[in-house]
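Structure record follows, encoded as structure tokens.
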Amino acid sequence: MRLAKLRRKSAKTAAEAAPKRANGKAKPANEPFWRTKSLKEMSKTEWESLCDGCGRCCTVKFEDLDTGRVEFTDVACRQLDTKSCRCKNYAKRKTLVPDCIALTVRMIGKLHWLPSTCAYRLIDEGKDLHWWHPLVSGDPNSVHKAGISVRNKVVSEDDVEDAEERIVTWIK
């Protein structure tokens with residue numbers, strides 16, 4: 001297996017995909033926004049609220065160059081607060097970590113590298129959010145209570161010499 005660390009791609013190479021709805025049908029007005037809007041149609045506030053705070057996307061990932069399969073590690077970005085599972089400096093994350101991949105609308109249709117539990121990926125694939133997502137549960141800690149987050153499961157990349165040796169299967 002030949003692995004390459006996943007890195008941020010330039011905006012020129014990110015393709016836009018057609019917007020998708022959860023089931024392709026019109027929804028009643030009382031449905032939550034993630035069921036009635038495509039990712040492309042969401043406001044900045046709606047977009048940002050999709051992040052459940054699991055921290056899985058902030059782990060070091062490798063892509064198999066032969067198969068395209070993404071492998072996750074238990075190595076977290078140095079800017080991830082491993083207790084809160086949030087970025088320590090979200091506003092400056094791309095400056096502090098040049099390889100940080102900031103999710104944008106331009107990535108729609110190319111979110112396979114995100115964990116299968118990620119709201120952005122789920123909605124992009126026409127699926128609904130899980131019961132433990134804070135938007136569904138109403139509890140910002142439900143992602144931690146359900147054991148989905150990386151809290152107490154990862155180490156900082158500053159404390160690891162070889163992340164390739166730390167590939168895990170509990171993130172998919």
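None of the figures in this text is laboratory data; all of them are computed from the coordinates on show. Since this is a predicted model, take the numbers as computed values, not measurements. Glycine also receives a Cβ, built like all others from the backbone with ideal geometry; neighbour counts cover every protein chain displayed.
Summary table
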{"read-out": "Conditions (1) part of a helix (DSSP H, G or I); (2) touching a residue at least 60 places away in the same chain (Cβ under 8 Å); (3) surrounded by fewer than 14 Cβ atoms within 10 Å (Cβ to Cβ); number of the one not met by LEU135", "value": "(3)"}
{"read-out": "Residue that is surrounded by the fewest Cβ atoms within 10 Å (Cβ to Cβ) [pool: residues in the range 77-104 that are over 17 Å from SER156 (Cα atoms) and under 13 Å from the mean Cα position of the chain (by Cα)]", "value": "ALA102"}
{"read-out": "All positions within the range 31-70 that are surrounded by 15 or more Cβ atoms within 10 Å (Cβ to Cβ), more than 14 Å from the chain's Cα centre (by Cα) and over 20 Å from GLY126 (Cβ atoms)", "value": "PHE62, GLU63"}
{"read-out": "Number of positions in the range 73-96 that are of a type in the set (Ser, Thr, Tyr) and either touching a strand residue (DSSP E or B) at 6+ places or on another chain (Cβ under 7 Å) or under 12 Å from CYS57 (Cα atoms) (or both)", "value": "2"}
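Conditions tested, residue by residue: (1) closer than 20 Å to VAL150 by Cβ; (2) in a helix (DSSP H, G or I); (3) hydroxyl-bearing (Ser, Thr, Tyr); (4) without any contact (Cβ under 8 Å) to a residue 40 or more places away in the chain.
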{"site": "GLU31", "(1), (2), (3), (4)": "no, no, no, yes"}
{"site": "ASP52", "(1), (2), (3), (4)": "yes, no, no, no"}
{"site": "CYS57", "(1), (2), (3), (4)": "yes, yes, no, no"}
{"site": "LYS61", "(1), (2), (3), (4)": "yes, no, no, no"}
{"site": "ASP66", "(1), (2), (3), (4)": "no, no, no, no"}
{"site": "THR73", "(1), (2), (3), (4)": "yes, no, yes, no"}
